[in-house]
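First up is the structure itself, then whatever we jot down about it.
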Amino acid sequence: NAGVTQTPKFQVLKTGQSMTLQCAQDMNHEYMSWYRQDPGMGLRLIHYSVGAGITDQGEVPNGYNVSRSTTEDFPLRLLSAAPSQTSVYFCASRPPGSYTEAFFGQGTRLTVV
Amino acid sequence: DAKTTQPNSMESNEEEPVHLPCNHSTISGTDYIHWYRQLPSQGPEYVIHGLTSNVNNRMASLAIAEDRKSSTLILHRATLRDAAVYYCILRDEGSSNTGKLIFGQGTTLQVKP
């Protein structure tokens, strides 16, 4: 099983550029989330989705957009990249329920110069 | 969401047991206690979860205090591969169905040969 797949693994952007981080899961999970992790810090929730067509903001949503047109995919868009968005981005998926296990991708390391 | 408190760091010797504490004094009756760990340069991975009773799986054991205001993740024989950041998280979706999984700072476990 592929699980949660994130692409690309590494990316360098110039300030002001836009791009989309891709996240796909093949486990038919309803819930998907995006996190960012800055050096030496824990994960912070950017946006999340509880199903196709439903998204909501997390702790740090500014500068990012998401959409969820299918169960499998949950892309994260950076509208105008800033150096403060340099971070490692993780995507996660899980079934609904307080007891369920979340599965994480391997991360996308983004540098904005 | 109820908050958890963990020590910033802990050390252990290889092949010895490790007890990682977590305080959650404001836990509600329907909060599940989850533990995840993050190995260097990887996404978080699920370790174990519980509600009221102690739990065991192939990776670890979870001991939950009778009043549920604290819990302890137990690694029975630490290996070098167990060096990671360990996160204690409370989850209760209840009727809100928010799908959020919020991480704190976690405990960095160092395992010495």
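No value in this document is a laboratory result; all are computed from the given coordinates. Bear in mind the structure is a predicted one, so any value in this text is a computation, not a measurement. Counting neighbours? That spans all protein chains shown, and the Cβs are built from the backbone with ideal geometry, glycine included.
Applying the selection to segment A:60-81, what residues are in a strand (DSSP E or B) and either of a type in the set (Gly, Ala, Ser) or in contact with a Gly (Cβ under 9 Å, 6 or more places away or on another chain) (or both)?
Selection gives A:Leu78 alone.
What are the residue pairs meeting all of these: first residue in segment B:47-67, first residue assigned to a strand (DSSP E or B), second residue aromatic (Phe, Trp, Tyr) and surrounded by 14 or more Cβ atoms within 10 Å (Cβ to Cβ), Cβ atoms under 8 Å, and 6 or more apart or on different chains?
The qualifying pairs are B:Val47/B:Trp35; B:Val47/B:Tyr36; B:Val47/B:Tyr86; B:Ile48/B:Trp35; B:His49/B:Tyr32; B:His49/B:Trp35; B:Gly50/B:Tyr32; B:Leu62/B:Trp35.
Are there any pairs with C-beta distances below 8 angstrom linking a residue in segment A:41-54 that is closer than 30 Å to B:Ser9 by Cα to a residue that is among the basic types (Lys, Arg), with the two at least 6 apart or on different chains, and if so which?
Hits for this filter: A:Leu43/A:Arg36; A:Arg44/A:Arg36; A:Leu45/B:Lys100; A:Ile46/A:Arg36; A:Tyr48/B:Lys100.
Identify, please: which residue in segment A:1-59 is touching a helix residue (DSSP H, G or I) at 6+ places or on another chain (Cβ under 9 Å) and in a strand (DSSP E or B) and is, among those, surrounded by the fewest Cβ atoms within 10 Å (Cβ to Cβ)?
Residue satisfying both the conditions and the ranking: A:Leu13.
Could you please let me know if B:Leu90 is crowded, with 16+ Cβ neighbours inside 10 Å, in contact (Cβ under 8 Å) with a residue 12 or more places away in the chain, within 24 Å of A:Lys9 (Cα to Cα) and under 14 Å from the mean Cα position of the chain (by Cα)?
Taking the combined requirement at face value, the residue does not satisfy it.
Which residues, counting only those in segment B:24-46, are outside any loop (DSSP other than H, G, I, E, B) and of a type in the set (Asp, Glu)?
Once the filter is applied, which keeps residues that are outside any loop (DSSP other than H, G, I, E, B) and of a type in the set (Asp, Glu), segment B:24-46 yields only B:Glu45.
Within segment A:72-93, take every residue that is closer than 12 Å to A:Ala24 by Cα and within 10 Å of another protein chain (Cβ to nearest Cβ) and give me the one that is surrounded by the most Cβ atoms within 10 Å (Cβ to Cβ).
Once the filter is applied, the top-ranked residue is A:Cys91.
Kindly indicate which of B:Ile64, B:Ile74, B:Ile48 is under 13 Å from the mean Cα position of the chain (by Cα), closer than 30 Å to A:Gln57 by Cβ, surrounded by 13 or more Cβ atoms within 10 Å (Cβ to Cβ) and more than 9 Å from chain A (Cβ to nearest Cβ).
When all the criteria are applied, what remains is B:Ile48.
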